[in-house]
Amino acid sequence: MSKELIYLSNISKSFDGQLVLDELNLKIHENEFVTLLGPSGCGKTTTLRILGGFTSPDTGRVYFDGQDITHIPPNKRQLNTVFQKYALFTHMTIAENIAFGLKVKKKSQSYIKDKIRYALKLVNLEGYENRMPDSLSGGQQQRIAIARAIVNEPKILLLDEPLGALDLKLRQEMQYELIRMKNELGITFVYVTHDQEEALTMSDTIVVMNQGYIQQIGSPESIYNEPENAFVADFIGDSNIIPATMIEDKLVRILDTCFACVDEGFGHNKPVDVVIRPEDVELTEPSEGLLQGVVTHLIFKGVHYEMEVMANGFEWLVHSTTLFPVGRQVGIRVDPFNIQIMNKPESEDEEATVIDI
């Protein structure tokens, strides 16, 4: 594991009496691509603004490389922020936009010129020095905003939904550009988004947030394949989330039918939630399945068919490259490794899980 660069310790923040962050703890390591992911109002942008110095926490401390920077202003921190709105100076050329921070730091003309050339090469916009921002596409403007940030050689680049205003194709192109830049620059990226696909595509580590709490921290693979609660399972991709009973280790009863699984340590006859991804539901001939049902809906999605199957009173979402027409009787099978067992919340109101690190 690389060196710890950022530590947010017991951060709480309220706005107008509304608690936005509740004793949040988060560690970020050097040269890591960390994505703060969650729905609107979950606290991810507030977390980024506190890290950037634009917002002060009510309680808690922000540590950078072991030093307390909680009350240090943004311009004194070794980081830069790229916003969704680009915030380019429309009356300045591209070169002047990129050079702005360097001029404030009173760098030499030759140094600034070299940095402009380097930054434009990095974002694949060589030769654009004398263009004006309004002559560029949205994707190009976003690249200039990133170029302006990286010439200041920050240890951390903060990105607040920077691709939100772009169309789908441009957004996908910029995702690959950001991964390339991060690898080339060797700096830490902290990225805020509500887009699950973006988070899964780009991140080394995903921090899933909801209602001011961290729900789960992990790699894209672990977040997708091993969600720790129903919120994460439901928010990251499509899921079948089903109330079930853990009979004993490696045996769970789902919809009055016993399925083999690989989970242990949940106890005997304990109520649990089960997560099964749509692509992990195998449709068979009725006699070959543990459950029997009927296909009720069908959509062609290009790479697969999306079907809904009513079985034992539950409507299963199924993704398959094999077509089963509406009205067809089918069996359902699930590999034991693809059944994810989760503890049920302690109460009906329990919406969030606090991760202590």
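Observations, loosely collected:
- Residue tally, condition open to solvent by 10 Å² or more (accessible area, probe 1.4 Å) and either part of a helix (DSSP H, G or I) or of a type in the set (A, V, I, L, M) (or both), over the range 220-241: 10
- Residue match in the range 189-200 (condition: over 30 Å from Met342 (Cα atoms), modelled with pLDDT of 90 or more and under 25 Å from the mean Cα position of the chain (by Cα)): yes
- Only one entry of Thr45, Thr70 meets the criterion of being within 25 Å of Asp195 (Cβ to Cβ) and among the polar types (S, T, N, Q), and that entry is Thr45.
- Cβ-Cβ distances below 6 Å connect the following pairs, each with a first residue in the range 39-64 that is within 13 Å of Tyr213 (Cβ to Cβ), a second residue that is of a type in the set (Lys, Arg) and open to solvent by 20 Å² or more (accessible area, probe 1.4 Å), and a separation of six or more residues or different chains: Thr46/Lys13.
- The range 37-79: number of residues that are of a type in the set (S, T, N, Q) and under 22 Å from Ile206 (Cβ atoms): 4
- Here Leu170 meets the list (1) open to solvent by less than 50 Å² (accessible area, probe 1.4 Å); (2) of a type outside the set (Phe, Trp, Tyr); (3) under 22 Å from Pro278 (Cα atoms) almost entirely, failing just condition (3).
- Being at positive phi and open to solvent by less than 30 Å² (accessible area, probe 1.4 Å) holds for only one residue in Gly186, Gly127, Gly212, and it is Gly212.
- Verdict on Ile144 being open to solvent by less than 40 Å² (accessible area, probe 1.4 Å), outside any loop (DSSP other than H, G, I, E, B), touching a Gly at 6+ places or on another chain (Cβ under 7 Å) and not small (Gly, Ala, Ser): no
- From the options Arg148, Arg171, Arg77, residue that is at pLDDT below 85 and basic (Lys, Arg): Arg171
- Annotation: of all residues in the range 92-123 being assigned to a loop (DSSP other than H, G, I, E, B) and surrounded by 14 or more Cβ atoms within 10 Å (Cβ to Cβ), the one that is modelled with the lowest pLDDT is Val123.
- Thr245 meets all of the listed conditions (1) outside any loop (DSSP other than H, G, I, E, B); (2) touching a residue at least 60 places away in the same chain (Cβ under 8 Å); (3) open to solvent by less than 50 Å² (accessible area, probe 1.4 Å); (4) farther than 23 Å from Ser320 by Cα but one, namely (2).
- Filter result (open to solvent by 20 Å² or more (accessible area, probe 1.4 Å) and in a helix (DSSP H, G or I)) within the range 47-62: Arg49
- Residue in the range 280-291 that is open to solvent by 40 Å² or more (accessible area, probe 1.4 Å) and without any contact (Cβ under 8 Å) to a residue 40 or more places away in the chain present: no
- Scanning the range 251-272 for residues that are on the phi > 0 side of the Ramachandran plot and surrounded by 15 or more Cβ atoms within 10 Å (Cβ to Cβ) gives a single hit, Leu255.
- Just one of the listed residues (Asn80, Asn75, Asn10, Asn25) is out of contact with any His (no Cβ under 9 Å at 6 or more places or on another chain), under 18 Å from Ala149 (Cα atoms) and surrounded by fewer than 17 Cβ atoms within 10 Å (Cβ to Cβ), namely Asn75.
The values are calculated or read from the model by the stated rules, or taken from the named source; none is laboratory data. On a predicted model such as this, the values are computed, not experimentally measured, just so you know. So basically every Cβ, Gly included, is an ideal-geometry build from the backbone, and we count neighbours across all protein chains shown. Each accessible area value is taken on the protein alone, full model and side chains, heavy atoms only, with ligands, DNA and RNA left out. Shrake-Rupley method; radii C 1.70, N 1.55, O 1.52, S 1.80 Å.
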